[in-house]
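The values are calculated or read from the model by the stated rules, or taken from the named source; none is laboratory data. What you see is a predicted model; the values in this text were computed from it and never measured. When the accessible area is computed, the model is the full protein with side chains, heavy atoms only, and any ligands, DNA or RNA have been set aside. Shrake-Rupley method; radii C 1.70, N 1.55, O 1.52, S 1.80 Å.
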Amino acid sequence: MSKKADFVKSISGMNEADLTAKIKEDELRLKKLHFAHAIAPLENPQSIRILRRDIARLKTLLKKTQLGA
């Protein structure tokens, strides 16, 4: 199974508070990655893109739960 499918499966059962906490945590990780990449090139620069997309998935799921869909 792909990493995307695993990620979606792992967040599907989270409630609103858990999603918000995970978003905050991942946004902090993203800032740290951007900072580290500015100083020295990352070994895997694709990790920034992957993390950014994961944050977008979390925000989408959070919005769905807030709207009650």
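Helix 16-39 and the longest principal axis of the Cα set of the chain meet at an angle near 10°.
Surface composition of the chain: carbon and sulfur make up 58 percent of the accessible area, probe 1.4 Å. On a per residue basis, the chain carries 77 Å² of accessible surface, using protein heavy atoms and a 1.4 Å probe.
Of the Cα atoms belonging to the chain, the radius of gyration and Dmax stand at 13.4, 43 Å.
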